[in-house]
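Just so you know, all these numbers are worked out from the coordinates, no wet-lab data involved. Bear in mind the structure is a predicted one, so any value in this text is a computation, not a measurement. Positions of Cβ are backbone-derived with ideal geometry, glycine not excepted, and every protein chain shown enters the neighbour counts.
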Amino acid sequence: MITLKRTPMLWVVSAPSGAGKTTLCDRLVAEHDTIIYSVSCTTRAPRAGEIDGKSYIFLTEDAFAERVAAGAFLEHAQVHGNYYGTLKETVQDALAAGRDVLMDIDVQGAAQIRHALQHDPALAPLQSAYVDIFIAPPSLHDLQLRLWGRGQDEEAVITKRLAKAAEELRHWRDYQYVIVNDRLEDSYRVLRSIWRAACHRTHRLVD
Ligand code: 5GP
């Protein structure tokens, strides 16, 4: 009998903060038990409700630098003045367990992953299982309103995030898929469709 064999996928989703990426990705992960978030390391302080080891692995700058020196990161970058990185081990363990890995990382990290997939022979087999998506807000004004509305950050932080957003938006062409998140329901339908199509692109027939 011919059946489809799942091949674990590597997903990268990037968006300026406030574009709705977390809401969309949380829902995708909640509805698909094959998908697991890659838990990143960061040097930023935990926000209210964030749990060490689950939301992020919270590290001091020294501890982060040690891991950089040891070559432990698949990618790492400075975002909004803090360091963020994905441990190789986190991704390897999830893929080895047959899970699809969803990485919520910035445009610099995404560029490093694409580069690694092309130049690191150990990662070459993952090339066909790689999917990246850029989520854009309908406008920078809309983004500003959303950042104010969620009341999470101070004015200076919001100003920094908006400047960074304008910079990040310039990278949308580097991604395989782009979603303009105007209406959340519509955007989620698009995300789920990409997911389904990618499954059928990466899975293999076995008999
Ligand atoms: P936040 O501090 O709001 O959770 O995240 C800020 C930004 O850092 C987001 O754009 C998020 O995608 C990015 N980010 C989170 N984890 C990583 C990571 O491991 N690597 C990179 N390059 N960016 C990350």
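Among residues other than Arg183 whose Cβ falls under 13 Å from its Cβ, what is the net charge (Lys/Arg +1, Asp/Glu -1)?
Values: positive: Arg189; negative: Asp142, Asp182, Glu185, Asp186.
That sum, taken over residues with Cβ under 13 Å, equals -3.
On a C-alpha basis, how far is the centre of region 37-96 from the centre of region 141-207 in Å? Whole number, if you could?
For region 37-96 versus region 141-207, the Cα centre distance is 21 Å.
When all alpha-carbon pairs of region 93-187 are counted, what percent fall beyond 21 Å?
Distances greater than 21 Å cover 46 percent of the Cα pairs.
When DSSP assigns beta bridges and you keep just the ones with both residues in the chain, what percent turn out antiparallel, to the nearest 5?
Roughly 35 percent of the beta bridges in the chain run antiparallel, per DSSP.
As an exercise, use a Förster radius of 25 Å and the Cβ-Cβ distance of Ser55 and Leu145 to find the FRET efficiency, rounded to the nearest 0.05.
Using R0 = 25 Å, I get an efficiency of 0.50.
Please quote Rg/Rh for region 1-115 to two decimal places, taking the Kirkwood radius as Rh and restricting both calculations to Cα atoms.
Radius of gyration over Kirkwood radius for region 1-115 works out to 0.99.
Run the numbers for Asp174 and Ala63: contour at 0.36 nm per residue of separation, minus the present Cα-Cα distance, in nm.
36.8 nm
Mind pulling the angle between the C-alpha long axis of helix 21-31 and the longest principal axis of the chain? Nearest 10 degrees, somewhere in 0 to 90.
Approximately 40 degrees, to the nearest ten.
Please sort by residue number the trypsin sites (Lys or Arg not before Pro) in region 1-47 whose DSSP state is loop and whose Cβ has at most 16 other Cβ atoms within 10 Å.
Passing both the DSSP loop test and the Cβ count: Arg6, Arg44, Arg47.
Place +1 on the Cβ of every Lys and Arg and -1 on the Cβ of every Asp and Glu in the chain, take the dipole about the Cα centre, and give the residue among Tyr83, Ala97, Ile179 whose Cα lies farthest towards its positive end.
Going by the charge dipole, the pick is Ile179.
Apply 1/(1 + (r/R0)^6) to the Cβ-Cβ distance of Asp186 and His32, taking R0 = 22 Å, and write down the FRET efficiency to the nearest 0.05.
Between Asp186 and His32 the formula returns 0.70.
Between helix 155-169 and the chain, what is the angle of the helix's C-alpha long axis to the longest principal axis, kept within 0 to 90° and rounded to the nearest 10?
On a 0 to 90 degree scale, this one is about 40.
Sum up the charges of everything whose Cβ sits under 13 Å from the Cβ of Leu87, counting Lys and Arg as +1 and Asp and Glu as -1, but leave Leu87 out.
Cβ neighbours under 13 Å give a net charge of -2.
In whole angstrom, and with the biggest value first, how far do the Cα coordinates of the chain range along each principal axis?
Largest first, the chain extends 60, 43, 31 Å along its Cα principal axes.
Would you report the distance distribution of C-alpha pairs in region 146-207 as whole percents per 10 angstrom bin, up to the bin with the largest distance?
Computed distribution, short to long bins: 16, 30, 32, 14, 5, 2.
Could you tell me what fraction of 2.2 N^0.38 Å the Cα radius of gyration of region 1-55 comes to, as a two-decimal ratio? Let's see the in-between values first.
Numbers: Rg = 14.9 Å, N = 55, 2.2 N^0.38 = 10.1 Å.
My calculation over the Cα atoms of region 1-55 gives 1.48.
Give the calculated FRET efficiency between Thr23 and Val206 to the nearest 0.05, with a Förster radius of 35 Å applied to their Cβ-Cβ distance.
0.45
Summing Lys, Arg as +1 and Asp, Glu as -1, what charge do residues with Cβ under 15 Å from the Cβ of Leu28 carry, Leu28 excluded?
Net charge in that neighbourhood comes out at -2.
Simple spin-label model, 7 Å along Cα-to-Cβ: Gln108 to Glu154 in nm?
Spacing of the two 7 Å Cα→Cβ label points: 2.2 nm.
So if I average 1/r over every pair of distinct C-alpha atoms in region 25-85 and take the inverse, what Kirkwood radius in Å does that give? It would help to have the intermediate numbers written out before the result.
On the way: mean 1/r = 0.0786 Å⁻¹.
Hydrodynamic radius (Kirkwood, Cα pairs) of region 25-85 is 12.7 Å.
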